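Visitor: This is the structure I want to talk about, given as structure tokens.
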């Protein structure tokens, strides 16, 4: 039996993943609703498979990939997210994820992803692979790709409706750092106010 860890802040997602993973004889299937529990469970149980949502509170799923792999280098990480932006697919794979699956996919796609990564292959759906390849070949940079990891975190938290003090607290930085980072994000994305940032984050799918 191989241990699996599902990291998602939506309990209903845990239920669905647990049922699908049970069909593949993963046992136990551990569950984490936040980044600190995720890192603790990974270190203590050494799961062979980690199913990770990008829209996690705190660090955010994208920034969990590297610390998870430091604790469990042999783990295969499958990103399971509503976010289909190619910039996040590319960043997740570059950070060490073994596959990327949209939450709009069906159970058969989930099993296809498991088949691939269990056998040491990278998994992307055909459509997602074409989109990533097209974005690289097109030469036009997505504005989001210019953001640093910290700027992505700030944009996502602001998009979730948090004010700058709450952002600073969540990221364990000063209010000034959060404010300066927010200003940098606005400049890079070409928007003026916080309302524009919130709209941008929602339209980019960063808040789910």
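Visitor: Going by what's in this entry, would residue 67 be described as out of contact with any strand residue (DSSP E or B) (no Cβ under 9 Å at 6 or more places or on another chain) and free of Cβ contacts under 8 Å to residues at least 40 places away in the same chain?
Guide: In short, yes.
Visitor: Would the range 134-141 turn up any residue that is at pLDDT below 90 and either surrounded by 12 or more Cβ atoms within 10 Å (Cβ to Cβ) or under 23 Å from residue 3 (Cα atoms) (or both)?
Guide: yes
Visitor: Would you please name the residue that is surrounded by the fewest Cβ atoms within 10 Å (Cβ to Cβ), looking only at residues in the range 164-208 that are in a loop (DSSP other than H, G, I, E, B) and under 23 Å from the mean Cα position of the chain (by Cα)?
Guide: For the range 164-208, the residue satisfying everything is 172.
Visitor: Another question, then. Can you confirm whether the range 34-49 contains a residue that is more than 15 Å from the chain's Cα centre (by Cα), surrounded by fewer than 21 Cβ atoms within 10 Å (Cβ to Cβ), farther than 19 Å from residue 8 by Cβ and at pLDDT below 95?
Guide: So far as the range 34-49 goes, no, none of its residues is more than 15 Å from the chain's Cα centre (by Cα), surrounded by fewer than 21 Cβ atoms within 10 Å (Cβ to Cβ), farther than 19 Å from residue 8 by Cβ and at pLDDT below 95.
Visitor: When the residues of the range 142-163 are narrowed to those that are part of a loop (DSSP other than H, G, I, E, B) and more than 17 Å from residue 54 (Cα to Cα), which ends up modelled with the highest pLDDT?
Guide: 163
The values are calculated or read from the model by the stated rules, or taken from the named source; none is laboratory data. Note that the structure is predicted; figures quoted are calculated from it, not measured. Quick reminder, even Gly has a Cβ in these numbers, built from the backbone with ideal geometry, and neighbours come from all protein chains shown.
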